[in-house]
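Read the structure below first, then the notes.
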Amino acid sequence: MRIVSVVGARPQFIKAAPVCRALRAAGHDEVLVHSGQHFDHAMSQVFFDELGIPAPDHNLGVAGGSHGAMTGQMLELLERLFVEVAPDTVLVYGDTNTTLAAGLAAAKIHIPVAHVEAGLRSFNRAMPEEINRVLTDHLSELLFCPTEIAVANLAAEGITDGVHQVGDVMLDAARHHAEHADPAKAAARYGLTPGGYYLATVHRAATADDPVALAGVVEAFASLDLPVLWPVHPRTRKALESGGLASRDAVGSGADAAGSSALRLVEPLSYVETNALLRGAAALLTDSGGMQKEAYFFAVPCVTLREETEWVETVEAGWNRLAGTDPARIAEAVSAVRSGEPPSERPAFYGDGHAAEEIARVLG
Ligand code: UD1
């Protein structure tokens with residue numbers, strides 16, 4: 001079967017790594033397309049190198065601009081490419097502008113769409129990702145769900161055909177690439193020791209592009225009892241600089257920012273290094289979707305800097321706390337993590353680490 005897989009943003013490279021491997025092992029003819037959405041070396045090429053993802057057959061070079069401009073340019077270029085390559089299926093991942101553009105371009109010319117990470121919902125339509133994932137699910141013929149809750153979300157919207165609960169490909173990636181890296185070694189590179197720091201990431205539009213929210217997060221981080229190691233996403237770096245919250249020099253040098261010796265701002269890190277640092281962290285502080293689960297995989301408590309999450313099972317199981325961006329609430333959630341015992345159970349919500357093989361099998 002000829003499959004065009006479309007990726008473009010950092011989390012998609014991670015999800016695609018196990019799937020590319022499984023598709024090729026199963027004898028599928030895969031054509032890999034990079035939309036160009038993420039283009040910095042540290043946001044893109046690093047992951048191809050580290051995770052052994054084959055070089056993209058096509059790179060569309062579409063990056064930046066408004067949502068409409070980015071999605072529109074991708075739509076036009078992807079349609080042309082799909083007509084030329086004539087795949088049996090177009091495979092898309094997650095919830096980015098790249099996901100929606102590829103799904104829409106394929107569905108309109110009657111090429112079946114398969115969606116990896118289908119059925120996730122935050123029920124917050126102010127998030128661009130929520131719009132992207134709802135629309136992509138409704139365009140897809142094959143819907144690969146990571147969890148039982150994702151299957152139920154689709155059923156609630158009347159989608160039951162073509163739905164497969166396969167587990168989470170991010171668990172496959174974690175098992176394959178992240179379990180063996182040494183947390184102590186990774187922490188030592190930043191002068192830290194396991195259990196002696198928090199790891200933080202911030203990139204959502206609702207946090208990074210709202211000066212009050214971003215200032216709240218910075219204030220909270222600076223007030224904590226342990227240093228906060230913060231690999232800074234380019235969107236957030238721009239916002240921190242323009243809001244006067246961190247100087248250009250602070251980001252990348254590991255120097256102090258926001259007047260606090262507790263905050264260590266560094267450039268975005270590779271997948272293996274991020275996960276090694278996560279495994280050594282006292283807690284993760286994040287507005288990322290995927291990292292909430294990575295924390296769960298590695299039994300690291302998570303404080304989510306949002307009011308809702310797609311991964312509600314991590315909250316219900318007691319491993320994740322929703323704290324928004326208010327400094328007092330963040331500090332309170334972190335202190336609850338520090339003072340309490342971690343939950344005794346960590347159910348296998350995300351499958352057995354073989355989701356990618358199952359996807360390759362279902363594709364035929
Ligand atoms: C996108 C996804 C989000 C995903 C995230 C992972 C959408 C709507 N959002 O958000 O779901 O969780 O990726 O990181 O698709 N930039 C650079 N260099 C890069 C990449 C981006 O400078 O390598 C800049 C862009 O030009 C833009 C900003 O960062 O100014 C934001 O990038 P964009 O791709 O629009 O959204 P993300 O915040 O990365």
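A few comments on the model shown:
- Cut-off under 5 Å, modelled amide H: who pairs with Arg321 long-range: Cys302, Val303, Thr304
- For the chain, the Cβ-based charge dipole about the Cα centre amounts to some 560 debye (Lys, Arg positive; Asp, Glu negative; other atoms uncharged).
- Shape parameters for the chain, alpha-carbon atoms, Rg then Dmax in Å: 19.7, 59
- Close amide H partners of Thr201, meaning residues 5 or more places away or on another chain with modelled amide H under 5 Å apart, are Leu285, Thr286, Asp287.
- Residues Asp29, Asp161 in ascending order of nearby Cβ atoms (within 10 Å, fewest first): Asp161, Asp29.
- Which of Cys302, Cys20 has the fewest Cβ neighbours within 10 Å, and the rest in rising order: Cys20, Cys302
- Residues Met127, Met74, Met291 arranged by fewest to most Cβ contacts within 10 Å: Met127, Met291, Met74
- In this structure the amide hydrogen of Val232, modeled in the peptide plane, comes within under 5 Å of the amide hydrogens of Val266, Glu267, none closer than 5 places in sequence on its chain.
- Across the range 31-36, coupling constants 3J(HN,Hα) worked out from phi with the 6.51/-1.76/1.60 Karplus curve, θ = phi - 60°, read 10, 9, 10, 9, 6, x Hz, and Gly and Pro carry x.
- Structural descriptor for the range 182-339: relative contact order 25 percent, calculated from alpha carbon pairs under 8 angstrom and at least 6 residues apart.
- Cross-link reach list, lysines versus Lys293, counting only Cα pairs under 29 Å and skipping chain neighbours closer than eight places: Lys15, Lys185, Lys238
- Take every Cα pair under 8 Å whose residues are at least 6 apart in sequence, average their separation, divide by the length of the chain, and the relative contact order is 16 percent.
- Rounded to whole numbers, the Karplus 3J(HN,Hα) couplings from phi for the range 188-199 are 4, 4, 10, x, 10, 10, x, x, x, 7, 9, 9 Hz, using 6.51 cos²θ - 1.76 cosθ + 1.60 with θ = phi - 60°, and x at Gly and Pro.
- Positive-pole candidate from Pro146, Gly351, Ala262, dipole of the chain, charges at beta carbon: Ala262
- Taken about its Cα centre, the range 182-339 carries a charge dipole of roughly 380 debye when the Cβ of each Lys and Arg holds +1 and the Cβ of each Asp and Glu holds -1.
Rule-based calculations on the coordinates, nothing more; no lab input. All values reported here derive from a predicted model rather than from experimental measurement. All Cβ positions, glycine included, derive from the backbone under ideal geometry; neighbour counts span all protein chains shown.
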